[in-house]
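Please read the structure below before turning to the comments.
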Amino acid sequence: MKILIYGLNYAPELTGAGKYTAEMAALLAGRGHEVRVVCAPPYYPEWRVAKGFAAWRYRREERDGVTLWRAPLWVPKRPGGAKRMLHLASFALSSLPVLAWQALWRPDAVMLIAPTLMCAPGVLTLARVTRANAWLHIQDYEVDAAFDLGLLKNSRAAKIARWLESGLLRRFDAVSSITRQMSARATTKGVDPARVVCLPNWVDVSAIFPLTEPSDYRRLLGLPEQQKVVLYSGNMGSKQGIETLADAAALLAARTDITFVFCGSGAARETLLERCAALTNCVFMPLQPMERLNDLLNLADIHVLPQRGDAADLVMPSKLTGMFASGRATVAMARRGTALYEAVAPRGVVVPPENAKALAAAIVVLAGDPERRAALGKAARLYAVRALSPEATLSEFEERLALLCRKTADARVKQVRRVLHVRRKATSFGVNPAAIPVTPVEPGTVEEAAPE
């Protein structure tokens, strides 16, 4: 099949949606599909365009068997609510000419990765023109997150944005997300449940695995083997509630056997640095190269995963899959009943969101119990091997997409037969058959196109 993937983020970004979009495209290309991508230059999570790329230049690349076009965008130095909207809008507008160019290629499917939903009108128009299937894959519910997390606060704007979001979602042939709860949220926004699919994020368990010897990062950071390392690695943004980690580190400042290591970048990094400036039990590192990710994750005795309480089931931290695959104990902050709680509770420790005392207490208990840490790490690793392989997710996507394509093809055949039948009848009555038009099948109306 010809598959066009349209999304803001892409490799060489190391975290977030870009990592999974790039892996999905490469895996689909490796399975024999023709894959093209329209994306932006890499900028996340540092919020600055990576070296070797230009913010205001179009660019074509070949990467891992995938042809991709990068469109310009504006990247604010300090992303806030309004600035984020302008940032997303700049890509949605600049990428339209590249998206329109793909009409000549005539893809079988156009897959939009959200964020950003601002690109949805272009995708739906392209799908209608080329008679392709339109698929929306939601990594983050950006509209809900923007208002529920306080990034935008105008109640009237929220009402209008959610109305527009619902209207757009209902026009896609398929809508998928990365957890059961996030997929179910699509149905509450008006999407037919038959069109909703759960496509979880994955992890390459052959690349991320438990090491039998201490991580080399212990030597680089000067940490003795007996020192217990609490690791947070990934994006440091407003949705993470990462300030709770600073509070927990402050509560454990007297514990000389516990060190917090913060590895990553993002809008909240400077704030975290300021809050930890007086603490001697905190170490900061920039994002590390992908080829060193396994060694980094194995630095942890305890992984920590903070999350704001109001972010429940709006986002699912992508870093969790690697944490599980590394075979180390995990402490996550989540409310009961959320996807994050259900993922971690059977194979880790869950404490209430934004509760630094509970987080510190859980860390102390695990730091003093190596057997429990080992048992939780083993359970997490086993889950990653059994349930988080990319093959399962990609197979589900291929099967559902192939089904959509077959339905569209069958509807076109039935439509042509119906028109030919009507034209034959018209001829018998002396009517010019050329006057009987063939109406194209629109995406999302395959069932309606087939005659009873």
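Filtering A82, A54, A100 for residues that are closer than 22 Å to K153 by Cβ, out of contact with any strand residue (DSSP E or B) (no Cβ under 8 Å at 6 or more places or on another chain), exposed (fewer than 15 other Cβ atoms within 10 Å of the Cβ) and in the same structural domain as A157 (by TED's automatic domain parsing) leaves a single hit, A82. In segment 357-378, the residues that are without any contact (Cβ under 8 Å) to a residue 60 or more places away in the chain and within 17 Å of A345 (Cβ to Cβ) form Cβ pairs under 7 Å with partners that are small (G, A, S) and surrounded by 16 or more Cβ atoms within 10 Å (Cβ to Cβ), at six or more places apart or across chains, as follows: L376/A329; L376/G348; K378/G327. Of the residues making up segment 115-129, just one is touching a strand residue (DSSP E or B) at 6+ places or on another chain (Cβ under 7 Å) and at pLDDT below 95, namely P115. From the residues in segment 53-67 that are in contact with a helix residue (DSSP H, G or I) (Cβ under 8 Å, 6 or more places away or on another chain) and assigned to a strand (DSSP E or B), which one is nearest to M24 (Cα to Cα)? Once the filter is applied, the top-ranked residue is V66. Of the conditions (1) within 28 Å of A186 (Cβ to Cβ); (2) free of Cβ contacts under 8 Å to residues at least 12 places away in the same chain, Q307 fails just one. Which one is it? The one condition Q307 does not meet is (2). Scanning segment 103-117 for residues that are of a type in the set (A, V, I, L, M, F, W, C) and either surrounded by fewer than 20 Cβ atoms within 10 Å (Cβ to Cβ) or assigned to a loop (DSSP other than H, G, I, E, B) (or both) turns up A103, L104, W105. Of the numbered criteria (1) crowded, with 17+ Cβ neighbours inside 10 Å; (2) at pLDDT 95 or above, the one R372 fails is (1).
The values are calculated or read from the model by the stated rules, or taken from the named source; none is laboratory data. From a predicted model like this one, the values you see are computed outputs, not experimental measurements. Ideal geometry is used to build each Cβ from the backbone, glycine not excepted, and the neighbour counts take in all protein chains shown.
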